[in-house]
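One structure is given here, and the rest of the page talks about it.
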Amino acid sequence: MTEDIRAREGDWVEVECKLLDPADRSKNLPPETAEKPLMMWVKGFALGEAGMGEELTVETITGRRVSGALSAVNPGYYITYGPPIPELTHVGRDLRRQLAEWREREGGER
């Protein structure tokens, strides 16, 4: 027997919200898109307890509060833009080093 998945206050969760019904969407969309509601998924910290599909309010990392149906507990990130480009992986580190060297030469923070 499996236990129902529930979110407890403070858990990292994802909620699903319907932004627009199909009738409210733009008329310039392809038919297969226009017939579906516009949905949004938001990750944040649970501000209460809920089971899967139940209404829950979350507080995002930026402090925004969003309510929706609980869709995941402890969700990960699955977006990928492909493998890193070797020529770009060091750019941020190198620029921070160069900026620190420049500040040291110029005599402090600016």
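FYI, it's all coordinate maths here, none of it is from the lab. Because the structure is a prediction, the values reported are computed rather than measured. All Cβ positions, glycine included, derive from the backbone under ideal geometry; neighbour counts span all protein chains shown.
The table that follows gives values for the structure above.
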quantity: Interchain or long-range residues, amide H under 5 Å from GLY48's placed H; calculated: GLU9, GLY10
quantity: Degrees separating the helix 91-106 axis from the principal Cα axis of the chain, which is the longest one; calculated: 40
quantity: Rh (Kirkwood; distinct C-alpha pairs) - the chain, Å; calculated: 17.9
quantity: Dipole-positive endmost among PRO37, THR62, PRO86 within the chain (Cβ charges, Cα centre); calculated: PRO86
quantity: Region 6-77, relative contact order [Cα under 8 Å, separation at least 6], %; calculated: 40
